[in-house]
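As structure tokens, the structure follows; a few thoughts come after it.
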Amino acid sequence: MRHATMGALAALALGCEKSDPPRAPVVVAPVVVARDAGGRRVDAGPPDAGPTERVVLRLRVKNIDRVPLRLLTNPDTNELIHAHRVNVSSDRAAVYAGGARVERVKAFPIGQMPLCTADAGAGYGGLGQPGSITLAPGESFEAARWDGILREEVLDPQRGVCARESAPTPARYRFRLDQPQLEGAPDCIPAVTAWPIPEDAGVPVLEIRCRNAVRDAGVRAAPAPGG
């Protein structure tokens, strides 16, 4: 009986040694699928931008030239990106439309101007000195995020100058990079989106695609250092 018991214990120990160790569960990372919309709508971006920031659209500026592209930047997004409401039937028409069909709007907060609905405000002030950025060929940077709200400056009898917010009306909205250079300003293709953006579209990323100005008999060249 004693030998039988010892044999059973040995067999049990041998079986434990041959057993496979427990496997950790396999975690599969979610896949982000790129979306194509004429080469300007890049992808859906992150699902959100934090608990306090509403983002319905991201705007990027991309260098599509074969040489570096120097751009002047501004911390006041309305000075860097000019937005227009365009009443046309297609994105292509919105890129080139002008005249009465186009209305300038402000899609981003106006400096530090308080809202007309606020009890008190910080007052209006500059947002800092303009700067610059140089993009390598094919490189891009995120220039703006839109929260789906339009702004306008109004003169309130009680508050003085303040900002009023409103919802966009259905139309196409064109976003254009503004550069203050009188000469040598880059040649850019604006980005266009229809409003309202479908709820299942995620957060679209639109590209404003730019190249250097044409110089010296049609040859594109990078801006001179410091110029």
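Structural remarks
- Summing charges over neighbours of Ser166, with a neighbour being any other residue whose Cβ is under 9 Å away from its Cβ, gives 0 when K and R count +1 and D and E count -1.
- Gained length - Glu183 relative to Asp147, 0.36 nm times residue gap less alpha-carbon distance: 9.7 nm
- Considering only Cα atoms, the convex hull volume of region 94-219 works out to 173 Å³ per residue.
- Net charge dipole size for region 53-198 [Lys, Arg +1 and Asp, Glu -1 on Cβ; Debye, nearest 20]: 440
- Accessible-area ranking of Glu103, Glu142, largest first, probe 1.4 Å: Glu103, Glu142
- Computed extension gain for Ile133 through Val161, at 0.36 nm per residue and net of the alpha carbon distance, reaches 6.8 nm.
- Net charge contributed by nearby residues that have their C-beta within less than 11 Å of Ile110 (K/R +1, D/E -1): -2
- Note on region 49-94: Rg/Rh from Cα positions, Kirkwood definition for Rh, rounded to two decimals, is 1.04.
- Full-stretch length increase - Asp200, Thr169 - with 0.36 nm per residue and alpha-carbon distance subtracted: 9.2 nm
The values are calculated or read from the model by the stated rules, or taken from the named source; none is laboratory data. Nothing here was measured: the structure is a model prediction, and the numbers come from that model. We place every Cβ from the backbone using ideal geometry, glycine too, and count neighbours over all the protein chains shown. All accessible areas refer to the heavy atoms of the entire protein, side chains included, with ligands and DNA or RNA removed. Shrake-Rupley method; radii C 1.70, N 1.55, O 1.52, S 1.80 Å.
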